[in-house]
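All remarks here apply to the structure that follows.
The values are calculated or read from the model by the stated rules, or taken from the named source; none is laboratory data. Just so we're clear, the structure is a prediction, and the values are computed from it rather than from any experiment. Here the Cβ positions follow ideal geometry from the backbone for every residue, glycine too, while neighbour counts run over all protein chains shown.
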Amino acid sequence: MKHRYEWLETEWKRMREQSLDRAWQTVEPLAEAGGAWICVRGKKLLNLSVNNYLGLAHEQRIVEAGERAARKWGAGGTASRLVLGNYPLYDELEQRLAEWKRREGALVFANGYQANTGVIAALAGRGDVVFSDRLNHASIVDGIILSRAEHVRYRHNDLEHLEFLLQKYQGKRRKWIVTDSIFSMDGDKAPLLALAELRERYGALLMVDEAHAGGVRGEQGQGLCHELGMADQVDVLVGTFSKAFGVYGAYVCADQPVIRHLRSKARSLIYSTALPPAVIGSTLEALTQIETDTWRRQALRENASLFRQMLQEKGFHITDDDTQIIPLAIGENERALQFSQKLLERGIAAVAIRPPTVPDGTARIRFTVMATHTPQELTWAVQELTAIRDELDGRDAL
Ligand SMILES: Cc1ncc(COP(=O)(O)O)c(C=O)c1O
């Protein structure tokens, strides 16, 4: 008899040959540096790859708010919110979120992955069509698959293609357009104003995932839709607490009929235990900081602009976007891994992103800057990057 797991051995071998195998390392964040530095196997590294954009994960007031909530309400959520797991902290957070986003209601989910899968599967179904940007996050893709609606992908940010498809599927019961607002692996922005126009023209519904814009865009960090003044033309706004908030969990903001429906129909919400009180306590405090600490947003914006500009000056092919996600296109998986390893040796943590997270042949280093980086740290990082590029294959290779 063949070995029981031979198929897994074969698959593993294939992944290794294509440099697609994955592993993680144990990371210790250095709290005193606001998470901007970490320690890996005893080596101190500048952190240029996490989503803790504002450095709030180590902010004492946020950590302490979590501690207080745990002491008062216990360590665990103890049940689904529909089964006696709905503590007062939840209601408070949802009320605050609705006010912050200026929407009729809000719902907290366990994380962004569960928010997207739960929301799309609850709102779309057989007979509907969901138009989804090709570069949308995997949780959106999985939500559409779960929904059993027709899944139609449009070319990245291609409005003409989307409009063509909207006309083609005109006869469908309901038409959803779903997009990230800032794309997680490319750092570019969706054409939200134009999408809102298409929503209007074709009687479609629009859902926007603000995972990477929540906390960092908009006057009080509400996201890109608010920055552009079109949030009231979005039917469902999703965001997470795991990135700029520095905590964990996610939210949906929408009008009451949508919220009411989700409370009864979103399976990832119903069939899962409520988030622990510590997480909600910390999130409430993070929301306060996001609403009021505009200096963090400003510092992040300046750091992103500085890092992009310095890389461009050194001849790296970096786009002119204005977000904190700054990918360096490399191409081959093995080369991206090699580049990331060289960075590590020089004291910089920036991971290689490979398929299926990004399309085949587009492996990259995904740099993310933080509000808590200093200009000196970023300048040093660019020097190291340039040295690696020159060492690997000559000046104009990237
Ligand atoms: C656009 C987008 N949506 C959703 C998620 C999932 O969020 P979470 O990490 O809270 O599950 C991510 C996380 O990487 C994301 O980039």
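With the condition kept exactly as written, say whether any residue in segment 22-37 is modelled with pLDDT of 95 or more, among the aliphatic types (A, V, I, L, M) and in a loop (DSSP other than H, G, I, E, B). No, segment 22-37 contains no residue that is modelled with pLDDT of 95 or more, among the aliphatic types (A, V, I, L, M) and in a loop (DSSP other than H, G, I, E, B).
Just the residues that are closer than 19 Å to ALA121 by Cα and either assigned to a helix (DSSP H, G or I) or in contact with a helix residue (DSSP H, G or I) (Cβ under 9 Å, 6 or more places away or on another chain) (or both), please, taken from segment 163-174. Passing the criteria: only ARG174. Checking the structure you have, find out if any residue of segment 182-202 is surrounded by 22 or more Cβ atoms within 10 Å (Cβ to Cβ), closer than 26 Å to GLN289 by Cα and in contact with a Gly (Cβ under 7 Å, 6 or more places away or on another chain). No, because not a single residue in segment 182-202 is surrounded by 22 or more Cβ atoms within 10 Å (Cβ to Cβ), closer than 26 Å to GLN289 by Cα and in contact with a Gly (Cβ under 7 Å, 6 or more places away or on another chain).
For segment 124-163, the candidate set comprises residues that are under 21 Å from the mean Cα position of the chain (by Cα) and basic (Lys, Arg); within that set, the residue that is farthest from TYR202 (Cα to Cα) is ARG134. Just checking, does segment 271-279 include any residue being away from the ligand (no atom under 16 Å from the Cβ) and farther than 28 Å from ARG61 by Cα? Scanning segment 271-279 turns up at least one residue that is away from the ligand (no atom under 16 Å from the Cβ) and farther than 28 Å from ARG61 by Cα.
The single condition among (1) part of a helix (DSSP H, G or I); (2) surrounded by 14 or more Cβ atoms within 10 Å (Cβ to Cβ); (3) hydroxyl-bearing (Ser, Thr, Tyr) that THR10 does not satisfy is (2). Of the residues SER242, SER268, the single one that is more than 25 Å from GLN298 (Cα to Cα), within 16 Å of the ligand (Cβ to nearest atom) and either in contact with a strand residue (DSSP E or B) (Cβ under 7 Å, 6 or more places away or on another chain) or not in a helix (DSSP H, G or I) (or both) is SER268. Taken together, the criteria exclude ALA329 from residues that are at pLDDT 95 or above and within 21 Å of the chain's Cα centre (by Cα). Counting only helices (runs of 4 or more DSSP H) wholly contained in segment 43-162, the ones carrying 3 or more residues that are touching a residue at least 40 places away in the same chain (Cβ under 8 Å), surrounded by fewer than 21 Cβ atoms within 10 Å (Cβ to Cβ) and away from the ligand (no atom under 16 Å from the Cβ) occupy 60-73, 88-101.
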